[in-house]
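First comes the structure, then the notes that go with it.
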Amino acid sequence: MRGRRVIPVANPDIGEEELLNVIEAVKSGWISSKGKFIKEFENKFASYLGAKYAISTSSGTAALHLALLALGIGPGDEVLVPDLTFVSPASMVKVVGAKPVLVDVSPDYWCIDPLKIKKKISKRSKAIIVVHIYGHPAKMDEILEIAETHGLYVIEDCAEALGAEFKGRKIGTFGHISCFSFYANKIITTGEGGMCVTNDSELAEKIEILKNHGMRPQKRYWHEVIGFNYRMTNLQAAIGIAQLNKISRLITRKREIAKIYHEELESLPNIVLHPEMSWAKCVYWLYSILLDSRKTRDRLAIYLKNHYVETRNFFYPLHEMPPFKIEGDFAISKSLSERGINLPSGPKIDDDDIVYICSLIKRFMKK
Ligand SMILES: *Cc1c(COP(=O)(O)O)cnc(C)c1O
């Protein structure tokens, strides 16, 4: 028997490098949103992706809000959003006064389905927010083609998939603006934090102004537009740099974790394993499986919880929740939401723990 040590769904890998950077930031006296680490983090992040501009923010949600505002999206506009996602992108569409138009997802890789996007485009459509869910990239070539044909902006929500690739190119480099989150359980963390990435200098400048009270950088306390305080602190950026320095190790670890789950579970019938399409490099933000029904999924969650293994159910489909409630054909997102479960995937999990979790799943499935 194991002791009563809970295996968490996700725990960050924070160590000496992060600590040393934070100490340096504290000793420098620059603990707020000025200081050398901020620009350094932004520059390193941009060059990691191969993008021109990276603008740090206080969260991934703030980054999405800024992206929508910078693109001028507001009342009267529609923005296509996947029905299966963390809520932020849809909430921010509402916050700017636009209407989220929900689109069902692919049964094969769980992201927004290009074929279904086409059916939901109207004269009011302004943008598509693509969410690379649970670490798997969306089908960017088809989405970009649709966007171009219909004159739509593309915002990539990369909060769950930093480092993932579509046909060998990193996600976050396809859209007009891409948004990242550095919440504690994401691929890299700054505690709380986020980033907007773009190749467009005008958009970069707009985001920079909006995140800093709408103030003109060259003319202090001159406010041309209504803005926000969505700034990242030097302390957060100090942690972010240390995290970014080890990103390839973190992603390699994520993929190792997925491989162990895969090898342990692939012989089980009635389970669908986390996909990785031939055109994709998945970073398995949270390694996930699908069971045959909601009942089995819910029972498995309880069984694992009773054995001190923390899990998480897939997101509820947006179309079922009060702020976004709408009728429509969301058969896939509904089914995934009912059958999907996220398993412990933090980079610090032991291999033995993964094997143990899989043995529990096997035992459960025999019953
Ligand atoms: C985590 C997440 C966000 C929000 O990030 P925060 O930094 O927590 O605001 C946005 N979109 C998706 C898909 C996420 O998973």
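Numbers below:
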read-out	value
Flag for THR296 being crowded, with 16+ Cβ neighbours inside 10 Å and over 25 Å from PRO89 (Cα atoms)	yes
Any chance LEU69 is within 16 Å of the ligand (Cβ to nearest atom), more than 19 Å from the chain's Cα centre (by Cα) and assigned to a helix (DSSP H, G or I)	yes
Test: ASP200 is of a type outside the set (Val, Ile, Thr), touching a Ser or Thr at 6+ places or on another chain (Cβ under 9 Å) and modelled with pLDDT of 95 or more	no
Test: residue in the stretch 310-327 that is buried (at least 20 other Cβ atoms within 10 Å of the Cβ) and among the hydroxyl-bearing types (Ser, Thr, Tyr)	yes
Contacts under 8 angstrom Cβ, first residue in the stretch 217-241 being closer than 18 Å to ALA54 by Cα and among the basic types (Lys, Arg), partner modelled with pLDDT of 95 or more and assigned to a loop (DSSP other than H, G, I, E, B), 6 or more apart	ARG231/SER58
Considering residues of the stretch 134-162 that are over 11 Å from the mean Cα position of the chain (by Cα) and small (Gly, Ala, Ser) only, the residue farthest from VAL103 (Cα to Cα)	GLY151
Any chance SER58 is within 10 Å of the ligand (Cβ to nearest atom) and surrounded by fewer than 24 Cβ atoms within 10 Å (Cβ to Cβ)	yes
Qualifying residue in the stretch 305-320 (condition: basic (Lys, Arg), in a strand (DSSP E or B) and closer than 20 Å to LYS139 by Cβ)	no
Odd one out for PHE174, checked against (1) under 21 Å from ILE55 (Cβ atoms); (2) more than 19 Å from the chain's Cα centre (by Cα)	(2)
Any hit, the stretch 11-22, residues being touching a Ser or Thr at 6+ places or on another chain (Cβ under 8 Å) and in a loop (DSSP other than H, G, I, E, B)	yes
Neighbours by Cβ (under 6 Å, 6+ apart or cross-chain): first from the stretch 284-299, among the aromatic types (Phe, Trp, Tyr); second within 16 Å of the ligand (Cβ to nearest atom) and assigned to a helix (DSSP H, G or I)	TYR284/GLY135; TYR284/LYS254; TRP285/TYR134; TRP285/GLY135
So ASP329, is it closer than 30 Å to GLY97 by Cβ and either touching a residue at least 40 places away in the same chain (Cβ under 8 Å) or touching a Lys or Arg at 6+ places or on another chain (Cβ under 8 Å) (or both)	yes
Residues that are assigned to a strand (DSSP E or B) and under 20 Å from the mean Cα position of the chain (by Cα), drawn from the stretch 269-304	LEU273, ALA280, LYS281, SER288, ILE289, LEU290
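The values are calculated or read from the model by the stated rules, or taken from the named source; none is laboratory data. Note that this is a predicted model, so its numbers are computed, not measured. Cβ sites come from the backbone with ideal geometry, for glycine too, and all protein chains shown count toward neighbours.
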